[in-house]
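See structure below.
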């Protein structure tokens, strides 16, 4: 009977229950539990298994640049990283409040790592996240316009509770890129959160975007209800080498 139960649990994809029940049988502890305790244990095991598999799917589909985590952030380095702010962002309530995070600083200061760490934390908290390098995001969206899947791509981006756009501003935006960025941010404004990481200070983003009217619209959607992380100092890569 035990073998039949385990087989049926597997066929129904109750993998958490299957592993927990199998462990009980191997340890001989099933008779020590009441029916209520047995049910509670199996349900909890199934719930945890499904949550872990869901988080695994979120992390895989996000395609973060780094396998980063908030726990591994170096908060002691002299680079302007505020410990209080990072701890506040790490609980991911900024995602729940639909707020943005703007990360700026010189090359190697750790912008991409911090963005990936916050994205990883969001996935661990049950939020869907999506990572893009800006230099690849706009060409991909342009290609989707050519093959007729542009609206589908916008809908895909919109459904993620956290969008990370990394390396923004390495080159000025052309007319198509400006409009695509505006459409992406318009869909997310007040509804979903966005993290933007850039080597340039926020004050220079206006010139990178180009068109004054569109720049005003984009920055208005980004800056309102946003947290600022302004990094400084020597490249973390050089520090690690030393």
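Shown for 159, 192: other C-beta atoms within 10 Å of each C-beta, ranked fewest to most, produce the order 159, 192. For a quick check, take a GNM of the chain with Cα springs below 10 Å and name the residue from 58, 21, 66 with the largest mean-square fluctuation. Comparing 58, 21, 66 in a Gaussian network model of the chain, the most mobile one is 21.
With 0.36 nm allotted per residue and the present C-alpha distance subtracted, the residue 147-residue 87 stretch has 17.3 nm of extension available. Footprinting exposure proxy ranking of 218, 164, fewest other C-beta atoms within 10 angstrom first, gives 218, 164.
Centre-to-centre, using Cα atoms only, segment 8-33 and segment 117-172 are separated by 41 Å.
Assign one of three labels to segment 63-241, namely rounded, prolate or oblate, based on the Cα gyration tensor with a ≥ b ≥ c the square roots of its eigenvalues; rounded applies when a/c is under 1.5, prolate when it is not and a/b is larger than b/c, and oblate otherwise. Prolate, since a/c reaches 1.5 and a/b exceeds b/c.
Residues considered: 179, 196, 143. Largest GNM mean-square fluctuation over the chain, using C-alpha springs under 10 Å, is found at 143. Among 96, 44, 121, the residue with the largest mean-square fluctuation in a Gaussian network model of the chain, with springs joining Cα atoms closer than 10 Å, is 44.
By the count of neighbouring beta-carbon atoms within 10 Å, fewest first, 227, 160 end up ordered 227, 160. Segment residue 30..residue 170, full-extension length gain: 44.3 nm, with 0.36 nm per residue of separation and the alpha-carbon distance subtracted.
Subtracting the Cα-Cα distance of residue 179 and residue 53 from their residue separation scaled by 0.36 nm leaves 41.7 nm.
Read-outs: derived from the displayed coordinates by stated rules, not from any lab. On a predicted model such as this, the values are computed, not experimentally measured, just so you know. Methodologically, a virtual Cβ is constructed for each residue, glycine included, from the backbone with ideal geometry; neighbour enumeration extends over all protein chains shown.
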